[in-house]
Amino acid sequence: MSRIGRMPIAIPAGVTVDIAEGNKVTVKGPKGTLERDCAPEMDIRIEDGHVIVSRPNDLKRNKALHGLTRALINNMVVGVSEGFSKTLEINGVGYKATKQGKKIVFNLGYSHPIEVEEPDGITIDVPAPTQVIVKGADKQLVGETAAKIRKLRVPDVYKGKGIKYAGEHLIIKEGKTGAKK
């Protein structure tokens with residue numbers, strides 16, 4: 001049996017979980033509401049303040065969906081109760097970010113500034129000109145938004161200039177050396 005799939009998901013105070021027909025799971029909490037259509041083969045039920053996911057048989061597909069379904073529902077519960085965040089760091093001379101309303105303006109060494117809109121359900125904070133924090137209830141959307149921001153200027157392998165995740169370890173290559181004769 002799946003080690004992840006068989007673990008029950010505790011429902012914290014202030015969070016409600018509804019399971020509609022066709023395994024449509026709706027989770028409401030203080031940080032928002034999330035909905036997801038889960039695999040119809042899985043048996044999802046609420047017992048004693050916990051969400052329990054079980055599979056009907058041991059087919060390979062059902063084994064794979066068991067842990068996945070449980071992890072997706074757990075991410076929804078954690079997202080609406082605590083939320084998720086990713087921190088990005090900007091390295092480079094003159095590279096910076098500023099927040100203007102719901103837009104973030106990046107100066108990343110190009111001939112023009114780059115503007116990024118906050119997607120619905122996501123909050124982007126700029127506590128310092130070289131730091132950007134992406135927050136939200138949907139783990140997938142937070143990661144996707146952070147990846148799009150990082151893609152604006154991927155860290156250079158020789159100097160390390162660009163946008164990187166906080167805690168990301170970059171391997172800096174050694175530059176060319178003069179040829180000896």
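The values are calculated or read from the model by the stated rules, or taken from the named source; none is laboratory data. Not measured: the values here are computed from a predicted model. As a convention, Cβ positions derive from the backbone with ideal geometry for all residues, glycine included, and neighbour counts pool all protein chains shown. The area values use the complete protein model at the heavy-atom level, side chains included, leaving out ligands, DNA and RNA. Shrake-Rupley method; radii C 1.70, N 1.55, O 1.52, S 1.80 Å.
Table for the structure above
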| item | result |
| --- | --- |
| Residue check, residue 70 over 24 Å from the mean Cα position of the chain (by Cα) and among the basic types (Lys, Arg) | no |
| Top-ranked residue of region 9-53 - restricted to ones that are small (Gly, Ala, Ser) and surrounded by fewer than 16 Cβ atoms within 10 Å (Cβ to Cβ), ranked as farthest from residue 83 (Cα to Cα) | 22 |
| Any chance residue 80 is within 18 Å of residue 121 (Cα to Cα) and either open to solvent by 40 Å² or more (accessible area, probe 1.4 Å) or within 22 Å of the chain's Cα centre (by Cα) (or both) | yes |
| Long-range neighbours under 7 Å by Cβ, at least six apart or interchain, first residue within 21 Å of residue 33 (Cβ to Cβ) within region 71-91, second open to solvent by 50 Å² or more (accessible area, probe 1.4 Å) and in a helix (DSSP H, G or I) | 75/139; 79/139; 84/139 |
| Hits in region 119-148 (condition: open to solvent by 40 Å² or more (accessible area, probe 1.4 Å), among the hydrophobic types (A, V, I, L, M, F, W, C) and more than 18 Å from residue 162 (Cβ to Cβ)) | 141 |
| From 105, 157, residue being open to solvent by 40 Å² or more (accessible area, probe 1.4 Å), farther than 24 Å from residue 37 by Cα and without any contact (Cβ under 8 Å) to a residue 24 or more places away in the chain | 157 |
| Scope region 85-97; condition surrounded by fewer than 19 Cβ atoms within 10 Å (Cβ to Cβ), within 19 Å of residue 151 (Cβ to Cβ) and either more than 15 Å from the chain's Cα centre (by Cα) or not hydroxyl-bearing (Ser, Thr, Tyr) (or both); matching residues | 89, 91, 92, 95, 96 |
